[in-house]
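Visitor: Have a look at this one.
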Amino acid sequence: MDTRFPFVDWFRNSSPYINAHRGRTFVILIEGEAMASGRGEQLIQDLALLHTLGVRLVVVFGIRPQVQQALDEASIVPTRHRGRWVADEAIMARVERIAAEQRLWLEARLSPGLPNTPLHGIEMTVVSGNLVMAKPLGVRDGVDFDRSGEVRRVRDQAVEGLLERGALVVLPPLGFSSTGEVFDLDAAEVAHHAATALSADKLILLGDACGLVDASGQLQRQLTPAEAAPLLTQADPASELARHLGAACVAARHGVARTHLLSWHDHDALLGELFTRDGVGTMITEHRYEQLRPAELGDIGGLVELLEPLESRGMLVPRSRERLEYEIDDYLVIDRDGMIIGCAALHTFGEADMGELACVAVHDDYRGGARGERLLAEIERRARRLKLSSLFALTTHTTHWFFEHGFRLADIEALPTLRRDTYNHARKSKILIKTLG
Ligand SMILES: CC(C)(COP(=O)(O)OP(=O)(O)OC[C@H]1O[C@@H](n2cnc3c(N)ncnc32)[C@H](O)[C@@H]1OP(=O)(O)O)[C@@H](O)C(=O)NCCC(=O)NCCS
């Protein structure tokens, strides 16, 4: 269909993602290289847009290239070991100054409300502070790391409180110790600790590379920590790959559902990953990307999004939110990265040993991938557990799909009495029955 404004179509297609991300917590790491290369301005606009769409944001920033430049200018060559430098007094003075400057820059850039920017008309509160506790790396292999430290804990309740009040939280790669000292931290480590402590929905690591590629140069869209492990052992510990992949695997193993590896070089990466069907980078996840599971009340919004177009085309009987809420325990959903792309319900009728398979639907974009079949198989398992002997379905458009899945035509007398009474004669739905073996 020709549209006058392609943007309008794009906007319509992105609405399910907008709903899926609202109220979610994302921890986003922006490496120092992105700021040094001038990409900061654009990223700030994207962060502001996510904030206005109701995403709870924690932004961690890196400062390594800026500190390296300051060290080069002062002809200081740091001692390096195991991918970290030894932060002595001279290095620490620069780390503290640059972290403060970067934080101020971010706060300043998130403050204006110029027209034609996502910040127009809103006042964003950006907060930073003593939110990360650190401890010294200590002496390793005979090397005293001085003020180079590691994360002891992220003060999750303090950060939660700030997010609850609508603030965007900024975490520099610095931590504070119980002795009142400041420690230099690895930004990727701060990011994964923050994501884990907050049980974030997503950890997004913006680095130099646009995700991971396999031996043939193909982008790998999704990996589990176990699949990523060989890459991690081969990588140089000081490399971004090792730091980011390490952070992603730890986060995945500690319950962060999804970590995305994206490139800051790509202007569209952040929004492209979040608001398009298949994304643009690599996702590390312990769980399957797609999950068939019982529906919960929190899925109602997603169910309405999925069903409305089918209802308006007359393929499904319209169901109100209230009805969906009331019957939610009957539903199964297919959840793809937080978006509901399929559903089916099993309704039972008192003493009758027949169940109704209702509201089988798969999102247009995902048809033909046996999702309908998986939903049916799971409903059949449910029905057998409930000791039902057969399933019936009423359909106007999908008779043949049911035939192909073992259903046969029947007439109204075959229905349980309760369902016979509510049968809509004007709709003239076909009645299909499958005996469960
Ligand atoms: C029916 C539906 C759930 C199937 O989802 P799906 O994930 O594509 O299902 P599967 O991949 O398991 O099956 C796809 C096959 O079914 C076929 N199919 C889908 N709808 C069909 C229909 N109305 N009539 C005949 N065949 C149909 C497809 O052509 C495909 O066949 P192929 O593999 O030979 O190409 C989906 O098409 C849908 O949401 N339809 C609209 C809602 C609806 O009518 N629901 C039933 C009323 S309760």
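The values are calculated or read from the model by the stated rules, or taken from the named source; none is laboratory data. From a predicted model like this one, the values you see are computed outputs, not experimental measurements. Reconstructed Cβ throughout: ideal geometry from the backbone, glycine too, with neighbour counts over all protein chains shown.
Visitor: Hey, does the stretch 11-29 have a residue that's closer than 23 Å to Asp146 by Cβ and either among the basic types (Lys, Arg) or outside any helix (DSSP H, G or I) (or both)? Write out each step before concluding.
Guide: Filtering the stretch 11-29 down to residues closer than 23 Å to Asp146 by Cβ leaves none.
The answer is no, given that none of the residues of the stretch 11-29 is closer than 23 Å to Asp146 by Cβ and either among the basic types (Lys, Arg) or outside any helix (DSSP H, G or I) (or both).
Visitor: Which of the residues belonging to the stretch 371-405 are near the ligand (Cβ under 7 Å from one of its atoms), touching a residue at least 24 places away in the same chain (Cβ under 8 Å) and out of contact with any strand residue (DSSP E or B) (no Cβ under 7 Å at 6 or more places or on another chain)?
Guide: Of everything in the stretch 371-405, those that are near the ligand (Cβ under 7 Å from one of its atoms), touching a residue at least 24 places away in the same chain (Cβ under 8 Å) and out of contact with any strand residue (DSSP E or B) (no Cβ under 7 Å at 6 or more places or on another chain) turn out to be Glu373, His397, Thr398, Trp401.
Visitor: Of all strands (runs of 3 or more DSSP E) completely enclosed by the stretch 243-307, which ones contain at least 2 residues that are out of contact with any His (no Cβ under 8 Å at 6 or more places or on another chain)?
Guide: It comes to 258-263, 290-294.
Visitor: Leu47 is checked against (1) buried (at least 16 other Cβ atoms within 10 Å of the Cβ); (2) not in a helix (DSSP H, G or I) and fails just one. What number does that condition carry?
Guide: Among (1) buried (at least 16 other Cβ atoms within 10 Å of the Cβ); (2) not in a helix (DSSP H, G or I), Leu47 violates only (2).
Visitor: Further question on the same structure: Please list, ordered by first then second residue, the pairs with beta carbon atoms under 6 Å, 6 or more apart or interchain, first in the stretch 49-68 and outside the structural domain of His120 (by TED's automatic domain parsing), second assigned to a loop (DSSP other than H, G, I, E, B).
Guide: Nothing qualifies.
Visitor: Same structure again: Check Asp141, Asp146 and return the single one that is in the same structural domain as Ala269 (by TED's automatic domain parsing) and surrounded by fewer than 16 Cβ atoms within 10 Å (Cβ to Cβ).
Guide: Working: Asp146 fails: surrounded by fewer than 16 Cβ atoms within 10 Å (Cβ to Cβ).
From the options Asp141, Asp146, the qualifying one is Asp141.
Visitor: Using the structure shown, decide if Asp156 is at pLDDT 95 or above, in contact with a Leu (Cβ under 9 Å, 6 or more places away or on another chain), more than 22 Å from Ala34 (Cβ to Cβ) and assigned by TED's automatic domain parsing to the domain that holds Ala93.
Guide: Judged against the criteria, Asp156 is a match.
Visitor: Tell me, yes or no, whether the stretch 212-221 has at least one residue that is within 21 Å of Thr25 (Cα to Cα) and either modelled with pLDDT of 90 or more or in a loop (DSSP other than H, G, I, E, B) (or both).
Guide: The answer is no; no qualifying residue exists.
Visitor: Turning to a different aspect of this structure: So Leu415 passes all but one of these: (1) within 9 Å of the ligand (Cβ to nearest atom); (2) buried (at least 17 other Cβ atoms within 10 Å of the Cβ); (3) among the aliphatic types (A, V, I, L, M). Which condition number does it fail?
Guide: The one condition Leu415 does not meet is (1).
Visitor: Okay, next question. Can you confirm whether Ile76 is over 19 Å from Leu198 (Cβ atoms), of a type in the set (A, V, I, L, M) and part of a loop (DSSP other than H, G, I, E, B)?
Guide: yes
Visitor: OK, next. For Arg165, indicate whether it is surrounded by 15 or more Cβ atoms within 10 Å (Cβ to Cβ) and of a type in the set (Lys, Arg).
Guide: Details: surrounded by 15 or more Cβ atoms within 10 Å (Cβ to Cβ): no; of a type in the set (Lys, Arg): yes.
It is false that Arg165 is surrounded by 15 or more Cβ atoms within 10 Å (Cβ to Cβ) and of a type in the set (Lys, Arg).
Visitor: Would you call Pro78 modelled with pLDDT of 90 or more and farther than 15 Å from Leu270 by Cα?
Guide: Yes: the conditions hold for Pro78.
Visitor: Further question on the same structure: Kindly list the number of the only condition in (1) within 27 Å of the chain's Cα centre (by Cα); (2) modelled with pLDDT of 95 or more; (3) assigned to a helix (DSSP H, G or I); (4) surrounded by 14 or more Cβ atoms within 10 Å (Cβ to Cβ) that fails for Ile379.
Guide: (1)
Visitor: Taking the condition of being more than 25 Å from Ser312 (Cβ to Cβ) and either of a type in the set (Gly, Ala, Ser) or not in a helix (DSSP H, G or I) (or both), how many residues in the stretch 397-421 meet it?
Guide: Summing the residues that are more than 25 Å from Ser312 (Cβ to Cβ) and either of a type in the set (Gly, Ala, Ser) or not in a helix (DSSP H, G or I) (or both) in the stretch 397-421 gives 10.
So that you can scan it fast, the table gives a plain yes or no per residue for (1) modelled with pLDDT under 95; (2) part of a helix (DSSP H, G or I); (3) of a type in the set (S, T, N, Q); (4) within 12 Å of the ligand (Cβ to nearest atom):
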| residue | (1), (2), (3), (4) |
| --- | --- |
| Leu310 | yes, yes, no, yes |
| Asp329 | no, yes, no, no |
| Leu346 | no, no, no, yes |
| Glu356 | no, no, no, yes |
| Gly369 | yes, no, no, yes |
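Visitor: I've got another one for you. Report, by residue number, each residue of the stretch 81-114 that is of a type in the set (D, E, K, R) and modelled with pLDDT of 90 or more.
Guide: Of everything in the stretch 81-114, those that are of a type in the set (D, E, K, R) and modelled with pLDDT of 90 or more turn out to be Arg84, Asp88, Glu89, Arg94, Glu96, Arg97, Glu101, Arg103, Glu107.
Visitor: Out of all the residues in the stretch 160-170, which are of a type in the set (A, V, I, L, M), under 19 Å from the mean Cα position of the chain (by Cα) and either assigned to a helix (DSSP H, G or I) or not assigned by TED's automatic domain parsing to the domain that holds Arg56 (or both)?
Guide: The one that is of a type in the set (A, V, I, L, M), under 19 Å from the mean Cα position of the chain (by Cα) and either assigned to a helix (DSSP H, G or I) or not assigned by TED's automatic domain parsing to the domain that holds Arg56 (or both): Leu163.
Visitor: Among the residues of the stretch 267-300, write down those that are surrounded by 15 or more Cβ atoms within 10 Å (Cβ to Cβ) and either of a type in the set (Gly, Ala, Ser) or in contact with a Cys (Cβ under 6 Å, 6 or more places away or on another chain) (or both).
Guide: Selection gives Ala269, Gly272, Gly279, Gly281, Ala295.
Let's see how each residue does on (1) within 19 Å of Val127 (Cβ to Cβ); (2) over 26 Å from the mean Cα position of the chain (by Cα):
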position	(1), (2)
Thr25	yes, no
Leu29	yes, no
Glu33	no, no
Ser37	no, yes
Ala48	yes, no
Gln68	no, yes
Glu73	no, yes
Arg80	no, yes
